[in-house]
Structures are given as C-alpha cells and as structure tokens.
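The values are calculated or read from the model by the stated rules, or taken from the named source; none is laboratory data. Since we're looking at a predicted model, the values are computed, not measured. Ideal geometry is used to build each Cβ from the backbone, glycine not excepted, and the neighbour counts take in all protein chains shown.
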Amino acid sequence: MTHEKGVGFLITKRSKTALLEWNPISPRIITARFNSRFQKTTLIQVYAPTNGADDCEKEDFYHSLQTTIEKVPKRDLLVLMGDLNAKVGSERKGWDREIGPHGIGKMNENGELFADFCATNNLVIGGTLFKHKNCHKVTWVSPAGNAENQIDHITISQRWRSSLQDVRVKGEQMQHQTII
C-alpha cells in the first residue's frame, strides 16, 4: 500500500477539552485552534511536496498555506509544523531571523521556498536554533540508511521565539523522526 498525502493531529484527552476548532484545509494542510492559559494557539500541520515535485504543485501548496496563515487571528500563538521536505541547512544566506545557526546539511530548492515563506510570515525555524548532536536534529533517514536530512520542521511566530525552549528529535529507526 502506498499513500502520497495526509496530515492529522494526535491529541490527549486534556488537549481535547481545550480544542476550539479544527479544519482540514486539504490533504496537505490541517489546522487546530486551542484555548491556552494566556492566549489562543493555532497549530498548522503540513505535508509539503517533495523537492522533485513540479513547480505548480509547490506553488499551489504555498499559496494554500499562505491563505491559511492569513486566516489565523493575529493575537494567536502560531505554530507551523510538519514534513516540509525542506533542507534549510546551516548557511543562513540572509535569513538570519528565520534560520538559526544549528541547521544541518545544505539548503535545497524547497529550503529556499520555505525560508522565504518564513520571512514573509515572521516565522523562525525552531530546529535550527538549538545546538544538539546531529542524531537529535536528523528528522529523516533514507530506507537504506545512507542519507540523513533535516526536512521536518517546527516553526513559531518571531514574537514568541523566546518562549521556545528546545526543539529536538526523539526516537530512532524510523524514516521520519518525531520532533519534540
């Protein structure tokens, strides 16, 4: 069995009581809004087209994602996360506000698209902010085990950057790793 797209949320019973709404935007984008202690929080979970996908598919995805973000109330804490299929690397190339000094690898085309998207929307890529061993930053390992990348990301609004205390990979032996 193969599948190409799909996103969702796994939440605890306690989180369910705080859930205000959720909205499946497309097979690649879903949102959930929660009531939290000091403000409301909107989570956007995504599965972006791969680096090899055609440009139209990528443009459609980022257009839909932009429309989704524009609907998030300005006061909400915004967290965008998921499989972005984007290597942002360690060279920040003018994206100093969006990319921290601790990414891995070299930026690919999807990484540029994602970094530009983060710049447009005042988002910072959390997994690049904290110094960790590579085993705690690698989010994808090829089936043969010979290639490792950081392509799954958690981003947060720039204004909430100081509240992000850590981002790291948890778990092993899976093609995509869990980010906490």
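Based on this model, can you work out whether Thr41 counts as β-branched (Val, Ile, Thr), modelled with pLDDT of 95 or more and touching a strand residue (DSSP E or B) at 6+ places or on another chain (Cβ under 8 Å)?
When the stated conditions are applied, Thr41 passes them.
Suppose the filter is out of contact with any helix residue (DSSP H, G or I) (no Cβ under 9 Å at 6 or more places or on another chain), over 15 Å from Ile154 (Cβ atoms) and free of Cβ contacts under 8 Å to residues at least 40 places away in the same chain; does Lys93 pass it?
Judged against the criteria, Lys93 is not a match.
Restricting the search to region 5-57, which residues are farther than 18 Å from Ala86 by Cβ, out of contact with any Lys or Arg (no Cβ under 7 Å at 6 or more places or on another chain), part of a loop (DSSP other than H, G, I, E, B) and of a type outside the set (A, V, I, L, M, F, W, C)?
Hits for region 5-57 are Gly6, Gly8, Thr12, Ser36, Arg37.
Here are some residues: Leu78, Leu84, Leu65, Leu113. Which one is touching a Ser or Thr at 6+ places or on another chain (Cβ under 6 Å) and either closer than 14 Å to Ile154 by Cβ or at pLDDT 95 or above (or both)?
Testing whether each residue is touching a Ser or Thr at 6+ places or on another chain (Cβ under 6 Å) and either closer than 14 Å to Ile154 by Cβ or at pLDDT 95 or above (or both) leaves just Leu78.
Rundown of residues vs (1) hydrophobic (A, V, I, L, M, F, W, C); (2) touching a Phe, Trp or Tyr at 6+ places or on another chain (Cβ under 6 Å); (3) under 23 Å from Asn23 (Cβ atoms), yes/no style:
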| residue | (1), (2), (3) |
| --- | --- |
| Cys56 | yes, no, no |
| Asp60 | no, no, yes |
| Leu77 | yes, yes, yes |
| Val88 | yes, no, no |
| Trp95 | yes, no, no |
| Met107 | yes, no, no |
| Lys131 | no, no, no |
| Asn134 | no, no, no |
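I'd like to know if region 127-136 contains one or more residues that are on the phi < 0 side of the Ramachandran plot, assigned to a loop (DSSP other than H, G, I, E, B) and among the aromatic types (Phe, Trp, Tyr). Working first, answer last.
Of all residues in region 127-136, those on the phi < 0 side of the Ramachandran plot come to 127-136.
Subset that is assigned to a loop (DSSP other than H, G, I, E, B): 129-133.
If we keep only those that are among the aromatic types (Phe, Trp, Tyr) as well, we get 130.
Yes, region 127-136 contains a residue that is on the phi < 0 side of the Ramachandran plot, assigned to a loop (DSSP other than H, G, I, E, B) and among the aromatic types (Phe, Trp, Tyr).
Which one of these is without any contact (Cβ under 8 Å) to a residue 60 or more places away in the chain and buried (at least 21 other Cβ atoms within 10 Å of the Cβ): Lys106, Lys137?
Lys137
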